[in-house]
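Enquirer: Mind having a look at this structure? Questions to follow.
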Amino acid sequence: MNKKNALLMAYDKAGIADFARGLISLGYAVYGSKGTVEHLAKDGVQAVDIAGIVGEPILGHRVVSLSREISAGILARDVEEDRAELTKHGITWFDLVCVDFYPLQKELADPAHTKESVIEKTDIGGPTAIRAAAKAGRVVVCDPADRERVLAWLSGGRPDEEAFLDALAAKAEATVARYVIASAEGRSNGTYTGVVGKQSALCKYGENAYQAPAALFDTETSDLLALSAFSVIEGTPPSYNNWCDIDRLLQTATHIAAAFDTNRGKVPYMAIGVKHGNACGAAVGDNAEEVLKNMLAGDPLSIFGGLVLANFPIDDECSEVLAGKMLDGVIAPSFTEGARDRLRRKGDRCRFIENPALGTLSKDALDVAPRTRYVRGGFLRQPNYTYVANLSAQELQKLGDASKMQEDDMLLASAVGSTSNSNTIALVKNGMLIGNGVGQQDRVGAAKLVIERATRAGHDIKGASAYSDSFFPFPDGPQTLIDAGVGAIFSTSGSVKDKDTIELCASKNVPLYLIPDSLGRGFFGH
């Protein structure tokens, strides 16, 4: 019995011929499904159609790989009795299995899919072969990206064999799990769901030192803004809290980008500082250094030890602005060497984190994947936060005439406030966040807090624009803001006291923009 046999069943044929040639050069005989064998033949690679070793094909050639001969050849143990039985029945031993599945997830994502089209794209033989190979300790390749790596490992003498095979098997099982979960979710219209993640970064510990171990997992998405797509080019690994803050920064940054792209047709330079999950500084403008200065000036006390995200490269001049703030990290499309030299902290405490995709943010950059949250005994799931203020929306009531600058400030305030812990009122003036009153149990408390924070930082509130992440239940909140000098308010409507708020703002000549609470509520981070 020849133990160097490879079984190849590829739906996506790209590169499969090169992989087969590599195996043949290493002494493998190649077997394959009908489609794969035909494809290889066109590329000058000879392979054996497994239909010839399983008997006459039935059911339209749909169950060839689900035969006793194929399963036994994969699952047989490397012991004398199993080898003898395979020989007795003339069954081929397979010690490498390379399979990729019908594109079920792609079909489910197509709005035009039907029950029949989903069934047609539901692979059974592929996942069965992959799981059998994983169980039996064979070389199992379920990802085309691993083929070259597997060839190198084989040609290198199979170093660290047990660990290498275990890693391939674990990936195979996770791939099958993800595939089956997609099928269950699609067939049940969401009654069943699940998440399969791959560890992409270790954290020293979780939110607190006693919460260990902790790690970042990714779902192997193609999202260019997924946290796993960010490269830590210098500094200690981000902590659990750092990753949480980066996720929140991305929510805020993408909402700012979407608001300005939607309403102004362009995304300005932006910089956001975050502390404990909420923006403590944010600014937009046409000059990178000025934007950074305004972001830092928003709450100069809170930014120390925080994280800063920018949608523009951090060059030497930008680093001059950020220097001395004892930042935990800076996230940007790129950094110059001079910038890193200037911002570096003792003990590599300042992380430099790059992602070129930050430089191309637009209204299409919002995270639209469902959000899940662990609760005892299960988890909650909901659509993501995707509301973006549209000043041209038919549903928007414009009560009074706000200036273009005030409207731009409303856009920035709404993006910040709607991605901060509610209840929130955010205050912006001249493209700069001057206060963020977050996490309050009552609306007037948020109003008082944002004024206190803006005043503490030395800002002149007169003429600023305020955003409230839900309606004002009473006019005391708007009254507090107006008394402090706020010149325009953007909020949602839906309170039985809306009339009182509208009358108050009209009497004070303060423009009031209202979107129905059912459409534009910004509650976040409950």
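Where a number appears in this text, it was derived from the coordinates with a stated rule and is not lab data. None of the values given here were measured: they were computed from a predicted structure. Because the Cβ atoms are built from the backbone with ideal geometry, glycine has one as well, and the counts that use them run over all protein chains shown.
Enquirer: How would segment 187-327 be classified by its alpha-carbon gyration tensor: rounded, prolate or oblate, with rounded meaning a/c under 1.5 and the a/b versus b/c comparison settling the rest? Spell out each step's value before the answer.
Expert: Numbers: a/c = 2.17, a/b = 1.35, b/c = 1.61.
Verdict is oblate for segment 187-327.
Enquirer: Could you derive backbone 3J(HN,Hα) for segment 395-407 from the dihedral phi with the Karplus parameters 6.51, -1.76 and 1.60 (θ = phi - 60°), listing whole Hz in sequence and x where the residue is Gly or Pro?
Expert: For segment 395-407, the Karplus curve yields 6, 7, 8, 9, 9, x, 9, 8, 6, 4, 5, 5, 5 Hz.
Enquirer: My understanding is that a pair violates if its Cα-Cα distance is over 28 Å; which of 275/499; 198/346; 266/293 do that in this structure?
Expert: Values: 275/499 36 Å; 198/346 32 Å; 266/293 21 Å.
From the list (275/499; 198/346; 266/293), the Cα-Cα distance tops 28 Å for 275/499; 198/346.
Enquirer: Under a Cβ-only charge scheme (Lys and Arg +1, Asp and Glu -1), can you give me the dipole magnitude of the chain about the Cα centre, in debye to the nearest 20? Kindly include the intermediate steps, with their values, before the conclusion.
Expert: Details: 55 positive and 66 negative charges, 146 e Å.
Once rounded to the nearest 20, the dipole reads 700 debye.
Enquirer: Return one quarter of the surface area of the convex hull spanned by the alpha-carbon atoms of the chain, equal to its mean projected area, in nm².
Expert: The orientation-averaged projected area of the Cα hull of the chain comes to 29.9 nm².
Enquirer: For the chain, what is the calculated [θ] at 222 nm in deg cm²/dmol (nearest 500), taking -39500 (n - 2.57) for each run of four or more DSSP H residues and dividing by its residue count?
Expert: It comes out at -11500 deg cm²/dmol, rounded to the nearest 500.
Enquirer: So if I place +1 on the C-beta of Lys and Arg and -1 on the C-beta of Asp and Glu, and nothing else carries charge, what would the dipole magnitude of segment 221-365 be about its Cα centre? I want it in debye, nearest 20.
Expert: 360
Enquirer: Sequence neighbours fewer than 8 away in the same chain don't count; with that in mind, list the aspartates and glutamates whose C-alpha is under 16 Å from residue 115.
Expert: Correct list for residue 115: 107, 123, 185.
Enquirer: Which whole-number percentage describes the relative contact order of the chain, with Cα contacts under 8 Å and a sequence gap of 6 or more?
Expert: Over the chain, the number comes to 9 percent.
Enquirer: So how do 496, 37, 48 line up by other beta-carbon neighbours within 10 Å, fewest first? Don't skip to the answer; put the middle values down first.
Expert: Working: 496 9, 37 22, 48 15.
Lowest count first: 496, 48, 37.
Enquirer: Would you mind checking which residues have amide H under 5 Å from residue 141's amide H? H placed 1.01 Å from N; only 5 or more apart, or other chain.
Expert: The list, which skips near neighbours in sequence, is 97, 98, 99.
Enquirer: Could you please rank 114, 480, placing first whichever residue has the fewest other Cβ atoms within 10 Å of its Cβ? Display every interim value, and only then the final one.
Expert: Numbers: 114 10, 480 21.
By the 10 Å Cβ count, ascending, the order reads 114, 480.
Enquirer: In whole Hz, with x marking every Gly and Pro, tabulate ³J(HN,Hα) for segment 64-73 from phi via Karplus 6.51 cos²θ - 1.76 cosθ + 1.60, θ = phi - 60°.
Expert: 3J(HN,Hα) across segment 64-73, in whole Hz: 4, 6, 8, 8, 4, 5, 6, 5, 5, x.
Enquirer: Same structure again: When a footprinting reagent is the concern and you count Cβ atoms within 10 Å, what order do 91, 124 take, fewest first?
Expert: Lowest to highest Cβ neighbour count: 124, 91.
Enquirer: Ok, one more. Have a look at 491, 449, 518 and report the one farthest towards the positive end of the charge dipole of segment 387-520, computed about the Cα centre with Cβ charges (Lys/Arg +1, Asp/Glu -1).
Expert: Positive-most Cα among the choices belongs to 449.
Enquirer: Arranged from highest to lowest average of other beta-carbon atoms within 10 Å per residue, in what order do the peptides 321-334, 270-283 appear?
Expert: So the peptides 321-334, 270-283, ranked by packing, come out 270-283, 321-334.
Enquirer: If you find the alpha carbon centre of segment 226-272 and of segment 42-68, how far apart are they in angstrom?
Expert: Centre-to-centre (Cα) distance: 50 Å.
Enquirer: On to the next question. Name the residues whose placed amide hydrogens come within less than 5 Å of the amide hydrogen of residue 490, ignoring near sequence neighbours (fewer than 5 apart) on the same chain.
Expert: 466, 467, 468, 513
Enquirer: Got the relative contact order for segment 5-188 handy, in percent, Cα pairs under 8 Å and 6 or more residues apart?
Expert: Once normalised by length, the contact order is 21 percent.
Enquirer: Please name which of 308, 221, 270 has its Cα lying farthest along the dipole of segment 221-365 towards the positive end, using unit charges on Cβ (Lys, Arg +1; Asp, Glu -1) and the Cα centre as origin.
Expert: Checked the options; the winner is 308.
Enquirer: Let me make sure I get this right: for segment 443-526, a, b and c are the square roots of the gyration tensor eigenvalues over alpha carbons, sorted descending. Under 1.5 in a/c it's rounded, otherwise prolate if a/b > b/c, else oblate. Which is it?
Expert: The shape class here is oblate.
Enquirer: Provide the net charge surrounding residue 382, with neighbours chosen by a C-beta distance below 12 Å and charges set as Lys +1, Arg +1, Asp -1, Glu -1.
Expert: +3
Enquirer: Defining a contact as two alpha carbons under 8 Å apart and six or more residues distant in sequence, what relative contact order in percent does segment 221-365 show?
Expert: 28
Enquirer: Placing +1 at every Lys and Arg Cβ and -1 at every Asp and Glu Cβ, with all other atoms neutral, what dipole size does segment 61-199 have around its Cα centre, in debye to the nearest 20? Please report the intermediate quantities before stating the final value.
Expert: Values: 18 positive and 22 negative charges, 66 e Å.
Taking the Cα centre of segment 61-199 as origin, the dipole is about 320 debye.
Enquirer: Can I ask one more? Taking a ≥ b ≥ c as the square roots of the eigenvalues of the Cα gyration tensor of segment 252-326, is the shape rounded (a/c under 1.5), prolate (a/b larger than b/c) or oblate?
Expert: Taking the square roots of the gyration eigenvalues as a ≥ b ≥ c, segment 252-326 is oblate.
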